[in-house]
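Encoded as structure tokens, the structure appears first; notes follow it.
The values are calculated or read from the model by the stated rules, or taken from the named source; none is laboratory data. The structure displayed is predicted, hence computed values, not measured ones. Here the Cβ positions follow ideal geometry from the backbone for every residue, glycine too, while neighbour counts run over all protein chains shown.
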Amino acid sequence: MNASPGQSRIGWIGTGVMGQWMCRHIMKKGYQTTVFSRTKTKALPLLEEGAQWADSPAETAAASDIIFTMVGFPEDVRSVYLGEKGILAGAASGSILVDMTTTRPGLAQEIYEKAGKKGISSIDAPVSGGDVGAKNAQLSIMAGGDTDALNAVMPLLQAMGKKIVHQGKAGAGQHTKMCNQIVIAGAMIGMCESLLYAHKAGLEPEIMLSSVSGGAAACWALDNLAPRILKREFHSGFFVRHFVKDMGIALEEARKMNLCIPGLALVEQLYQSLLAMGGGEMGTQALMLALEKINCIKEHD
């Protein structure tokens, strides 16, 4: 049976920059929702809008038919699902679990197998689109898992995203997200280097962007992040520390496949330098700061 307002009880774990918006879109469709977050204050806006609070992932799962998670790192996913007070400790047979965190494909497969032994379905469904996509319900969602489970939660995914594609078996959604992050890494360094070049060449960056963003160089980063860089807005967007995590997973998986991807390795090292500069909580567009430092360029040069 597909998810239906008034019948399906929803659990949501992780109410950060993106999770809060994603959960809100589901609530606006009329679903009874129970939430949990390690920091309760981050869930307060949802509680004020009618969500119920649970004291643990297990309690969230026990009160829900379909449980979504949007947390930070693989260790968080493992704890939330497999910990002593985790989702699998509270979820009933017939429940559906949907992890929208970007995490290791192997962990998604492990959760799928352990959930299946309890009669519980599990889907890995990482997303792309950042904070803007989450806020505007315009995310791209990449799903791995069984077709029946995906079809059952499709109305909920459609409340959050504009494109939902079933990539294959458990873990396939996470592998697809790695492909996505590899592309983004290349786009980020290309965007930042083009702005640096324009600066050194004495161009007006806004005018330059008006030309290149309408041609073969067109991409999401140019449209959404280049304007933030020009305004020196580095403290909003997808966290650098999370992107470094994603690139690390992609490089780890590439090594397992004996795959050489030097472009990603280079960008990952540049982002590592940004971490060393204390930029972990900045948006990914802050890569510009690391490149400016390498080139001895100051903000008002």
Test: residue in the range 261-276 that is part of a loop (DSSP other than H, G, I, E, B) and in the same structural domain as Ile182 (by TED's automatic domain parsing): yes
All positions within the range 66-85 that are part of a loop (DSSP other than H, G, I, E, B) and crowded, with 20+ Cβ neighbours inside 10 Å: Met70, Val71
Unique residue being more than 22 Å from Ser140 (Cβ to Cβ), basic (Lys, Arg) and at pLDDT 95 or above when the list is Arg38, Arg24, Arg9: Arg9
Filtered residue count, the range 177-207, keeping only those that are part of a loop (DSSP other than H, G, I, E, B) and closer than 23 Å to Ser128 by Cβ: 0
Only one of Ala159, Ala91, Ala115, Ala149 that is among the small types (Gly, Ala, Ser) and closer than 19 Å to Gly16 by Cα: Ala159
Within the range 122-142, considering residues that are crowded, with 24+ Cβ neighbours inside 10 Å and in contact (Cβ under 8 Å) with a residue 60 or more places away in the chain, the one nearest to Glu110 (Cα to Cα): Val127
Conditions (1) within 17 Å of the chain's Cα centre (by Cα); (2) loosely packed, with under 12 Cβ neighbours inside 10 Å; number of the one not met by Lys256: (1)
Looking only at the range 208-229, and only at residues there that are under 21 Å from the mean Cα position of the chain (by Cα) and in a loop (DSSP other than H, G, I, E, B), the one that is nearest to Gly283 (Cα to Cα): Leu225
Unique residue being part of a strand (DSSP E or B) and out of contact with any Cys (no Cβ under 7 Å at 6 or more places or on another chain) when the list is Ile123, Ile111: Ile123
Residue ID - surrounded by the fewest Cβ atoms within 10 Å (Cβ to Cβ), chosen from residues in the range 4-32 that are over 22 Å from Gly129 (Cα atoms) and in contact with a Phe, Trp or Tyr (Cβ under 6 Å, 6 or more places away or on another chain): Pro5
